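One structure is given here, and the rest of the page talks about it.
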Amino acid sequence: MASARFVSVDVLRGFDMVIILGVDVLAYRLAGAIQNPWTEGVASLFRHAEWVGFTPYDLVFPLFIFLAGVSIGLGEKTRGTSAPLKKAARRAGIFLVLGVIYNFGWDWSPDRFRLPSVLFLIGMSGLAATWVSVLTDSARLRLAFAAGALLILTGLQYAMPVPGFGPAVLTPEGSVNGWIDRWVLPGRLYGDTYDPEGVLSLLAGAAMATSGLVVGRILADAVTPRQAAMRLARGGGVALVLGVAAAFFVPPIKKIWTLSFDLMAIGSSALLLAACVLLFDGARVSSQRLSWITAVGANAIVAYMGSRFLIYPLTWQWSAELNPWAGVALVAVLLAVQMALLQVLFRHQIFFRV
């Protein structure tokens, strides 16, 4: 968990996980049961952009990577030691295995094997941020690392020619992301011709987590929550403006992690965290009053893996086969059960962490 001074980090992580646990599916089922522009508008907030674009739902995964970096920044004590790096490397290795298991789900057919995963990208992003943390405590050098990773990614996407397509082709088949994934990665790719958690996504993830690392130090060094929130708001605003400006030249595409998308995601994450710091830490809301949501983020691995093997088969398949309102009820009950079980673990201080 994050520093006790900033419960907002755990609150935001909890909200992020609740969406994954079934709020998104609940929105879809409600839109099917109550067919009007309002419910459809809400459901649209929980849909990814088909290719080019930036939706609130596109922020769910990048925000988690960003918050992982924030936690590293809040928890770091010394630099120049290899202990945190070894721990982060071990964590990335475990996440690799868990990610492969997650990708199989209940179907262990050989053709279902997929190496990249959300978990592995989180683990590798955290490893990169930890390495930067050990290497230097300079905020400028840390930001330079994040910027360098994004510039390398953008340079590859625009300068490296893909056989049969040439350079600067940002399509699933023609992007350098897809070409490298098809050339390097064994097994299936999530997007068939590319993988959104593929090789080049590691550069974007490293930049996202390292930006969070800088934010974590800002929180740790701030005198008051309001001071921290103002600094986050300024930095997040700059990143968001840069991302919007970059979108005129580089379209925002989450599935291949383009420069404009990454900057917009970093900026939006920092602004969301700034708002939470003001709302919860600034107002000195008791952590006990917020335990219903922090409990979800405290056991994120349990929630994430449990949703894959228990919740998703029920919420996606069964709820779709029922009549609309029965589907809504099923998803709502499953979401409430998950929240209750995670609350029990939290109250008994039972945490499953890597």
If each K or R counts +1 and each D or E counts -1, the residues other than Tyr57 whose Cβ falls under 15 Å of its Cβ total -2
Contact order relative to length for the stretch 110-224, counting C-alpha pairs under 8 Å separated by 6 or more residues, stands in percent at 38
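Where in the chain are the DSSP H helices whose alpha-carbon span along the long axis reaches 24 Å or more and whose Kyte-Doolittle mean is at least -1.0?
83-104, 118-135, 139-159, 201-221, 225-246, 259-276, 324-347
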Partners for Lys254 among aspartates and glutamates (Cα-Cα distance below 14 Å; same-chain residues under 8 apart left out) = Glu50, Asp58, Asp195, Glu197, Asp262
Sum up the charges of everything whose Cβ sits under 10 Å from the Cβ of Gly105, counting Lys and Arg as +1 and Asp and Glu as -1, but leave Gly105 out.
-> +1
Would you calculate, for the chain, the mean residue ellipticity at 222 nm contributed by helices, counting each DSSP H stretch of 4 or more residues as -39,500 (n - 2.57) and dividing by all residues, to the nearest 500?
-> -20000 deg cm²/dmol
With at most 12 other Cβ atoms within 10 Å, longest stretch of the chain clear of loop chymotrypsin sites (Phe, Trp or Tyr not before Pro) (DSSP) = 109-247
Descending Cα extents along the principal axes, the stretch 242-339, whole Å = 45, 38, 26
Identify all aspartates and glutamates with a Cα-Cα distance to Lys86 below 15 Å; exclude those on the same chain that are fewer than 8 residues away in sequence.
-> Glu76
May I ask you to compute the full-extension gain from Val23 to Leu85, defined as 0.36 nm times their residue separation minus their alpha-carbon distance, rounded to one decimal in nm?
-> 18.8 nm
Which of the GluC sites (Glu not before Pro) across the stretch 8-101 are loop residues per DSSP, with 11 or fewer other Cβ within 10 Å?
-> Glu50
Expressed as a whole number of Å, what is the distance separating the alpha-carbon centroids of the stretch 234-267 and the stretch 102-139?
-> 22
For the stretch 143-274, the Rg and Dmax computed from alpha carbons only, in angstrom | 16.3, 56
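Read-outs throughout are calculated quantities, based only on the coordinates presented, and are distinct from any laboratory measurement. As the structure is a computational prediction, the values presented were derived from the model and not from experiment. Cβ coordinates were reconstructed from backbone atoms using ideal geometry, including for glycine residues, and neighbour counts include every protein chain displayed.
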